[in-house]
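Nothing in this text is a laboratory measurement; each read-out follows from the coordinates by a stated rule. In this text, all values refer to a predicted model and were calculated from it rather than measured experimentally. Cβ placement follows ideal geometry from the backbone for every residue including glycine, while neighbour counts extend to all protein chains displayed.
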Amino acid sequence: MRNPLPKLVSPRLTGTIEWLGFFSLILLAWLALYQMQSGMGAGYGTMFSMWVLMTAAMMAPSFVPSLKTYRDLSYTEAANTHTSAALLAGYMLVWIGFSALAALAQLALLRYDLLGMNGASNDWRLTAVLLLAAGLYQFSPLKSACLSKCRTPMTFFIGQWRPGMVGAGRMGWQLGLSCLGCCWALMALGFVGGVMNLVWMGIATALMVVEKLPQLGNVITKPLGVALLVGGGFAATKAFGF
């Protein structure tokens with residue numbers, strides 16, 4: 001079905017309205033997380049909801065280059081408002097799955113008293129493992145392969161194009177998997193900084209957005225890995241009393 005809105009307003013205004021809606025949803029996710037800070041419960045449902053909001057608030061901004069590239073096609077027969085929504089839904093479905101697993105991990109770590117109620121590690125061993133794993137992953141071939149797809153969305157769409165809403169959903173799912181491959185380790189560091197710590201979330205979001213930029217991303221990926229390894233080494237000395 002073709003988008004009926006352009007019949008009433010110009011394509012440029014249609015695009016502006018859609019982007020305003022997209023960024024409004026991101027802002028609402030951040031506001032909801034802010035409200036949840038004071039009433040974070042220990043149940044799985046609450047944790048899962050928090051992780052869904054957190055991935056939406058943090059990962060949707062990093063999806064902007066891919067979504068913009070796809071939206072640039074919306075002035076042709078290839079894409080429209082509905083297929084753009086399907087692309088975003090496919091992308092977020094991956095992160096909803098990640099949220100389900102992350103909430104399970106948080107619940108388990110709480111039961112073993114490795115996390116505080118704010119979702120931050122209170123065990124130097126856990127902190128060391130998370131930082132060292134994230135640091136090493138910055139240098140892995142899988143991280144590089146996933147980043148290359150995230151940094152060149154036009155290349156992805158040219159090679160993997162599928163028409164219609166179902167096709168857009170499948171492409172969004174593929175992009176979500178690439179994004180997960182880029183960012184899962186950095187997202188897991190929420191258990192170090194605190195999963196409800198908005199300062200950590202803001203810093204991590206900025207890092208993940210910049211990492212996906214073709215020019216700046218190449219500059220920060222490996223230095224960030226070194227910094228994480230240094231932090232992990234420091235945590236290990238605390239854990240084992242060196």
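For the chain, what is the Kirkwood estimate of the hydrodynamic radius, computed as the reciprocal of the mean inverse distance between distinct Cα atoms, to one decimal in Å? Computed over the chain, the radius equals 19.0 Å.
Just checking the listed ones, Pro141, Pro61, Pro153: in the Gaussian network model of the chain with Cα springs under 10 Å, the one fluctuating most is Pro141. Computed per residue of the chain from DSSP H runs no shorter than four, each worth -39500 (n - 2.57), the mean residue ellipticity at 222 nm is -26000 deg cm²/dmol.
Ranked by the mean number of other Cβ atoms within 10 Å of their residues, highest first, the peptides 216-227, 45-56 fall in the order 45-56, 216-227.
Around the amide H of Leu115, modelled in the peptide plane, lie the amide H atoms of Leu110, Asn122, all under 5 Å away and 5 or more residues distant in sequence or on another chain.
Take every Cα-Cα pair in the range 100-174 and report what % of them are more than 19 Å apart. Let's see the in-between values first.
Values: 1647 of 2775 pairs.
That tail contains 59 percent of the Cα-Cα pairs.
Of all lysines in the structure, those lying under 25 Å Cα to Cα from Lys222, and not within fewer than 8 positions of it along the same chain, are Lys143, Lys149, Lys212, Lys238.
If neighbour count is taken as other Cβ atoms inside 10 Å, put Leu136, Leu180 in order from fewest to most. Don't skip to the end; give the middle numbers.
Values: Leu136 15, Leu180 18.
Final ranking by Cβ density, sparse to dense: Leu136, Leu180.
Computed from phi, the 3J(HN,Hα) profile of the range 127-137 under the Karplus parametrisation 6.51, -1.76, 1.60 (θ = phi - 60°) reads 4, 5, 4, 5, 5, 5, 5, 5, x, 5, 5 Hz, with x in place of Gly and Pro.
Across the range 47-56, computed HN-Hα scalar couplings (Karplus, 6.51 cos²θ - 1.76 cosθ + 1.60, θ = phi - 60°) run 5, 4, 4, 5, 5, 4, 4, 5, 5, 5 Hz from first to last residue, x flagging Gly and Pro. FRET efficiency for the Leu25 to Ala227 pair, using the beta carbon distance and R₀ = 41 Å, is estimated at 0.80.
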